[in-house]
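Have a look at the structure below, then the notes.
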Amino acid sequence: MRLASASAAKSDRVTSAVLVESVHGLTYRKLDFWARCGYIRPNETVLGSGYARTFAPEEVAVVWRMARLVDVGFTAAAAAVDARLGPGAHQLGEGLFLEVEE
């Protein structure tokens with residue numbers, strides 16, 4: 001799966017789940033699952049069907065990093081933790097570092 005850069009989805013306003021799906025190659029079902037598990041945080045809680053979620057630009061960047069980490073083999077839970085740390089080097093264990101680029 002080829003992902004566009006995080007900056008392609010960044011703006012100073014909210015982004016709909018549909019745009020996040022198209023930019024990152026994710027399904028709405030996967031976004032919904034990640035939101036229900038608390039891995040990603042939409043702007044508001046959706047009560048029922050028919051309401052589209054929206055995401056702040058910072059959250060779109062988290063989704064992008066999380067999708068990249070899942071693609072290389074991280075579990076969704078581990079990817080969510082590391083994606084929230086932002087770009088940079090993160091120590092995963094003794095002598096083991098993860099470099100996340102924006």
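For a quick check of your reading of the model, give me the residue pairs whose first member lies in the stretch 17-33 and is at pLDDT 80 or above, whose second is part of a helix (DSSP H, G or I) and of a type in the set (Phe, Trp, Tyr), with beta-carbon atoms closer than 9 Å and at least 6 apart or on different chains. Going by the 9 Å Cβ cut-off, the qualifying pairs are Leu26/Trp34.
To keep it simple, each residue is scored yes or no on (1) in a helix (DSSP H, G or I); (2) free of Cβ contacts under 8 Å to residues at least 40 places away in the same chain; (3) farther than 16 Å from Asp32 by Cα.
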| site | (1), (2), (3) |
| --- | --- |
| Ala52 | no, yes, no |
| Ala61 | yes, no, yes |
| Trp64 | yes, no, no |
| Leu69 | yes, yes, yes |
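The values are calculated or read from the model by the stated rules, or taken from the named source; none is laboratory data. For clarity, every value in this text was computed on a predicted model and none was experimentally measured. Here Cβ is always computed from backbone atoms with ideal geometry, including for glycine, and neighbour counts include all displayed protein chains.
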